[in-house]
1. Quick one, can you get me the convex hull of the C-alpha atoms of region 21-151 expressed as volume per residue in Å³?
2. On a full-extension model of 0.36 nm per residue, what is the gain between Asn203 and Ser54, subtracting their alpha-carbon distance, rounded to one decimal in nm?
3. Compute from the Cα atoms of region 101-219 the Rg and the Dmax, the latter being the longest Cα-Cα distance, and quote both in angstrom.
4. What nm value, rounded to one decimal, do you get for the distance between Arg511 and Glu789 when each label is placed 7 Å out toward the C-beta?
5. Starting from the Cα of Asp44, step 7 Å along the direction of its Cβ; do the same at Lys731; then give the gap between the two resulting points in nm.
6. Cβ under 10 Å from Pro633's Cβ, Pro633 left aside: what net charge do those residues give with Lys, Arg +1 and Asp, Glu -1?
7. Calculated FRET efficiency, Ser136 and Lys305, Cβ-Cβ r, R0 51 Å, to nearest 0.05?
8. By average Cβ neighbour count within 10 Å, what is the ranking of 234-240, 501-507 from highest down?
Amino acid sequence: MSSTALLFYFLFAVFLLSSPPPSSAQSSNNKSAFSFSDSPWRADQNLTLHSPNSVFAAGFRPLSNRSNLYRFCIWYLHVPDNFVVWSANSAKSPVSSSATLVITTSGELVLRNSSTGPNLLKNATGNSNTTKLILSDDGNLIYGNWESFSFPTDTIVANQTMKGTGIVSENGKFQFFNYKELVFNSNDSYWQADNVFQVLDSNGRVTLGNGNSLFSMDFGPIWLRRLTMDNDGNLKIYSFNRNISETEWTIVWQSTHEQCTVHGTCGPNAICMNDASNSSIYCTCPPGFKPVEGGQIEVEGCARKIPIENDLQNTKFLSLDYVNFSGGANQSIWTAKNLSVCESRCFDDRRCLGFMFQYDGKGFCVLQLDRLLYGFWSPGIERAMFLRVHKSEQDQANFVGMKEVLDTTCPIQIKLPFPPKESRTTARNIAIICTLFAAELIAGGLFFWVFVKKYIKYRDMARTFGLELLPGGGPKRFSYAELKIATNGFTDLIGKGGFGDVYKGELTDHRVVAVKCLKNVAGGDADFWAEVTIIARMHHLNLVRLWGFCAERNQRILVYEYVPNGSLDKYLFRPGRLGASNPEMETDALVDGEGTPVLEWSIRYRIALGVARAIAYLHEECLEWVLHCDIKPENILLADDFCPKISDFGLAKLKKKEDIVSMSNIRGTRGYMAPEWVRSETITSKADVYSFGMVLLELVRGARNNEMQGSLIGNSEEWYFPAWVFDKVFKEEAVEDVLDRQIKHSYDNRAHFDMVNRMVRTAMWCLQSRPEMRPSMGKVAKMLEGTVEITEPNKPTIFFLGED
């Protein structure tokens, strides 16, 4: 062999020894694309694809509890838990460390768990020389004509067009079928949208198939967003704000607020209960049933204590108020004349396990046949379930409250001895009786004195250690001295309201609070405690949270969370605005010099939607029906992120109706009072709807409803703010004339018209003079969300001119 050949082979060997092995061809663990030259991609290489904006990553990801098992998936980068938005294989079907992703010589993208296993990616083909696997900025994994967006798993990310038959929860139990309805076990539907979901944009708006839109609670442009079919069966929109160092995803919309209405939450025959004290749910067995031995109620459910299948004639019915069973092999719906007819139909049917009856005079009767599935308790269910049990069953119905008053006292049985036989020694008997009576009287007084001393001692100890709480985990009871120290002698006044003055304070644990000193409160301690208990159990994102109270002598004080941005009125009604008293002379200039930010259209819309949802919660979702009776901008507080929070709710029962009317006159809020207050008619929830409608118009206009009369037509008593807006919008079609001049320059007809139009149309419906013509607050919230169609309203009239 020649020397030239030897030199060639020597150089070739050095080249081979200095070249890295194929597995280390990637010089970095993070890549922007995967090509034919990078094959194979092994599961244990710790290699990831990053999107150009570094929001998403894709690759083999080890399971949290098994480091040698992997999923090939897409997840969020630099977000808590690195949430997975798509996966080629679920956590229940992991691949081993020997799994590979390969681009074959024919251009096919193949993901296999082993060399002989099936390809987990279907129809992913391209050109082996030019086609690359890339991850786009919106989280879409693309290879040629194949993309992960066409095969969604349990999550839809922002700007992803919804394709396929829907998304399925990670546990496989629940499906958002055809992006319109939620189903359990592929066939039990328990929630349905107004129309098909099409796309979730980055602002938090979901476009529906009929052109309408659904808005998240935090509608705005700065969030990461995703739509996820959760394992609990609830469809939710999550958002995450990376600009303020959030630590977890926030739920900003969900399909149902009552988790118990989700099918499969509890097992067969069980009843799902909602614990309002800690916002949790649990499953329980109805009377006549017990948990299945060795199983969980949430899965196996309950079993009968005494079977009835072979002895149906010896059965009876137990009434379960506010209980509904929404599933079964078959439900038979009847129109019965009365309860007895409905009961007899069920008794004569061998398949009937119970019946539901609604006390509304319409004879609504439903026979529950064969099985008892998806039972839940809710005060919003205006019906009772009559459960069929054996006559020998000793259990009593424990779901009451609809047809009988709850028994809140402890029964005590008192048995008197028989009188002694008559005796001739009458004087001796009288002496004995008087002696015994005197002894009992002295002993009773002594026992009462000891009880009072013990009570005072333990009460003082409880106050000293901060243990004095209301039953059921209620708010803390403060002493007047504690609150006086916390507020520095009630010197920092931050607001005045119809129910009293509000002071800023700081508790011993450094929590900043708002202390409201109530005035002219009716009723005694028991009434006040009862109302405080009700207020404390109202939990909603848009309600101010009650932390404690004080009831000493004549002092009635409530301790709330402190909301830093103050009330809405100071952002809408600026005394220094040029031309504030004359809408035709308004300009965009601000002259108050306080630096108060101007609320843009999206924030005003979020405020209106949050307030509507909170009032709907008070009217329709609380265990006890609550009227606010004083909705106005001063009672709407704004948090750091301008999230609205309603204050002074639940206090109307502490005042008489006459006090509320006179107080409103004194405080200058007559413009928010519904006509029925002046007419002395029955006050219903529609009075709050009227007040909300006036606030809604003021959000659009940026001025009080009673400040514009003199500037437009003089001091005419026939001028009415809502009627003026109606003429401008629906007759003159000059919507720009009613907009707030502070932000009129930022109004974009394409971006804001739909939002402003819904706000104005909804307000017109709320301001109808007759209560029955106004929608409920639940419907008002849906009108603002855009989930229901808003027809053209009638023109609002001044109630004392337009009617009798």
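1. Working: hull volume 14.5 nm³, N = 131.
Expressed per residue, the convex hull around the Cα atoms of region 21-151 is 111 Å³.
2. Working: separation 149, 0.36 × 149 = 53.64 nm, distance 1.95 nm.
The Asn203-Ser54 span can extend by a further 51.7 nm.
3. Looking at region 101-219, its Cα Rg and Dmax stand at 17.3, 50 Å.
4. So the two model labels end up 4.9 nm from each other.
5. 8.2 nm
6. Taking every other residue near Pro633 into account, the sum is 0.
7. 0.30
8. By packing density, highest mean first, the sequence is 234-240, 501-507.
Any read-out appearing in this document is the output of simple, stated calculations on the displayed coordinates, not a laboratory observation. All of these numbers come straight from a predicted model, not from anything done at the bench. Cβ coordinates were reconstructed from backbone atoms using ideal geometry, including for glycine residues, and neighbour counts include every protein chain displayed.
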